[in-house]
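The values are calculated or read from the model by the stated rules, or taken from the named source; none is laboratory data. Please read all numbers here as calculations on a predicted model, not as lab measurements. We place every Cβ from the backbone using ideal geometry, glycine too, and count neighbours over all the protein chains shown. Heavy atoms of the whole protein, side chains included, go into the accessibility calculation; ligands, DNA and RNA do not. Shrake-Rupley method; radii C 1.70, N 1.55, O 1.52, S 1.80 Å.
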Amino acid sequence: MERSRIAVAGASGLIGKALVDSLRADGHEVVRLVRRAADGPGEVCWDPEGQYVDTAGLAGCDAVVNLAGAGIGDHRWTDAYKRRIRDSRVLGTAALAKAVAALDEPPRVFVSGSAMGFYGETGDRAVDEDAPAGDGFLPSLCVEWEEAAAPAREAGVRTVFVRTGLVVARGGGAWARLFPLFKAGLGGRLGDGRQYWSFIALHDEVAAIRFLLDTDGLEGPFNLTAPEPLTNREITAAMARVLRRPALFPVPAAALQVALGEMAGDVLGSQRVVPKRLLESGFTFAFPGIEDAIRAA
């Protein structure tokens, strides 16, 4: 991509920060969406739940990337927190999509966050982007989340949904909790460990988003997961090998259900998600295997 002006919502999150750093390192101008008064031309004020975007700040942007949303695993899933998870994603996406559509010269691409939670429980069955949505809170959330981008798509903006898997990174997400446990010798499988975890290295997550930004003609949903999902038991063993620590402390399913409530169903659930469209489009993973992804983190 030639030097571009790119707006990023969720720029302070795990993926957003890494994406901003990558874009700026290559000379692109990044405009961060912030929930306060903008401090200069590098920021745009917005209020996701209030459906407000300072549209003037998006003028001249070649692309808009929406990665904003309250953390899925940050709190127990009370009814109030589930509303916050939903509103931060659905209302925020709708506000951005409407702002994009209202521009006299809209950006050429709108990349909007989604998640592999779209598919729900898949068991041992591998699913790609052709699979329908599953049942439950996360699948219904992902459907609403993606539908909220309709104004951008209807305005003729190439719209991409990134259905992200479990990001292997030291600074956030599931692995931010796993690394300290394993380094202390307290790691172990979750439940029976047979559930599939579809992971992706943070480096590949950012590279895939940039690939989707750069490649004209790509639109719709893309699974951002490594090519070979593994079971939690296999990932646990890989963590133990790479970190040279034992993995002797399995966490019983009943304990997870007590600790996490409804969210435990998604921790113990199996999602075998494969990146069919990404691979068919010519994307190459730098860290396709779990051990390489762990080392990279």
State whether the residues of segment 51-64 include one that is under 20 Å from the mean Cα position of the chain (by Cα) and among the hydrophobic types (A, V, I, L, M, F, W, C).
yes
Could you run through segment 211-241 and say how many residues are within 18 Å of V168 (Cβ to Cβ), among the charged types (D, E, K, R) and assigned to a helix (DSSP H, G or I)?
3
Of the residues in segment 10-57, those that are in contact with a Phe, Trp or Tyr (Cβ under 7 Å, 6 or more places away or on another chain) and either without any contact (Cβ under 8 Å) to a residue 40 or more places away in the chain or open to solvent by less than 50 Å² (accessible area, probe 1.4 Å) (or both) come to L33, R35, W46, V53, D54
Would you say R83 is at negative phi, of a type in the set (K, R) and without any contact (Cβ under 8 Å) to a residue 40 or more places away in the chain?
yes
Given the conditions (1) within 14 Å of A18 (Cα to Cα); (2) of a type in the set (G, A, S); (3) at pLDDT 95 or above, and given that G217 satisfies all but one, which numbered condition is not satisfied?
(1)
Residue count, segment 189-210, condition part of a loop (DSSP other than H, G, I, E, B) and either surrounded by fewer than 19 Cβ atoms within 10 Å (Cβ to Cβ) or among the β-branched types (V, I, T) (or both), comes to 2
Looking only at strands (runs of 3 or more DSSP E) that fall completely inside segment 72-170, which ones have 1 or more residues that are small (G, A, S) and crowded, with 22+ Cβ neighbours inside 10 Å?
109-115
